[in-house]
Amino acid sequence: MLTTVPEFFDQVSTPVNHAIGARRDSAEGSYIVVRSEAQEPFEVLVLPGSRPAKPLAALIPLDADTPGRVEALIRYWRAGRGKPVPADKRMTAQQRRRLRLMMQAADGRSDGASYREIGTALFGRERIASEPWKTSALRDMVIGLVEGATALIGGGYLQLLRHRRRS
């Protein structure tokens, strides 16, 4: 969340090397797509009454998600200065691959595809045909992907990018 820098900060400037893209207004402010050469496009929330052309300040709530928000702010700040952007550590490469497969499986299921058809699209006809489908580990994997995607779509995505915390 970004807001205009308070006036008592005299020498603050916000050099931004971003291209501002699409804007969507909502009750909580304006969601603006930001593009930079250093990373993929992402969205920021500019709070009501703030002007993106003026120097900006970040508003970070102090709660259980603060560490993730601070890391996201650092990535945003580095991208805006044209510096290398560190990788997002909330998800491993394996988790990203599984997430992609889950979304593809969910798309197939919502289009009426059977588990076998989804498996064929994800893993190829030869791999699916290489063993009996009813007892195949791939069948169990496809069912798990669809169930996982259904849970994410049902609100579980909110936990997806949170850092794991020890109890």
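The values are calculated or read from the model by the stated rules, or taken from the named source; none is laboratory data. Quick caveat: nothing in here was measured; it's all calculated off a predicted structure. Please note: Cβ atoms are built from the backbone with ideal geometry, for glycine as well, and neighbour counts cover all protein chains shown.
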### Query
Identify, please: which residue in segment 70-129 is among the small types (Gly, Ala, Ser) and touching a residue at least 40 places away in the same chain (Cβ under 8 Å) and is, among those, nearest to GLY155 (Cα to Cα)?
ALA106
### Task
Return yes when ALA149 is at pLDDT 95 or above, not acidic (Asp, Glu) and not assigned by TED's automatic domain parsing to the domain that holds ALA58 and no when it is not.
no
